[in-house]
Amino acid sequence: MASGRDRRVEPDPELGDHVAAGACAFDQLAEQRGGTSALDRGHAPALEPEHARLVHEMGHFVEARRQGLEPTLPTFIPFFGAFVTHAPVNPWRQALISLAGPFLGGLGAATIWVAGEASGSRLLQALGYFGFLLNLFNLLPIGFLDGGSIARSFRYLRLGGARDRAYLVGFAYVGLALALIAGMYGAYVHQHRL
Ligand SMILES: [Zn+2]
């Protein structure tokens, strides 16, 4: 599960198109703000490009498929967010599915950011930053967000006697959050150098 906003109703299997659409939307926005980067204004959660959300959702999808579940393809709801549904599973498997979204989303953001560094594209660097932020946001340990689901799994595993697995989930969660923060920091500093 994820939250946030998304204007798109239908997921598009063409990732390239999503990058292009997101880029256009962001570009317009930056122009509306007098040509300054919207990064500096901290409006990211409401403005994240669609491709970043799709990559995140595909993380959940791929992991659920790997587990032999039959997940639905990502469903996008305007002004709410996006989600992948699957059969109920035990806390350990749920934790893996919940972690997989921000994990793949973070890798996607890193890829876009590196491409931006390599090509000198400020836009791609900014999209990478938004990707890191979007995935970090989803790790907040709040109810319906991935972070809330991970926190519940952690609690069930710990109290249920599966302490080793609980700690693995905890380490993965903290490591992923730190990696996303590091990515944001790197992309953000770069914006200021330009
Ligand atoms: Zn998610």
| field | Nonlocal amide H pairs with Gly81, under 5 Å, H built at 1.01 Å | value | Asp6
| message | Can you give the local net charge around Gly59? Use residues other than it whose beta-carbon is closer than 12 angstrom to its beta-carbon, Lys and Arg +1, Asp and Glu -1. | response | 0
| said: Spelling out what I want: for every residue of segment 88-96, take phi, set θ = phi - 60°, compute 6.51 cos²θ - 1.76 cosθ + 1.60 (Karplus), and round to whole Hz; glycine and proline get x. | reply: x, 9, 6, x, 5, 5, 5, 4, 5
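Values quoted throughout were computed directly from the atomic coordinates according to the rules given, and no laboratory measurement underlies them. Note that the structure is a prediction, hence the values are computed from the model and not measured. Reconstructed Cβ throughout: ideal geometry from the backbone, glycine too, with neighbour counts over all protein chains shown.
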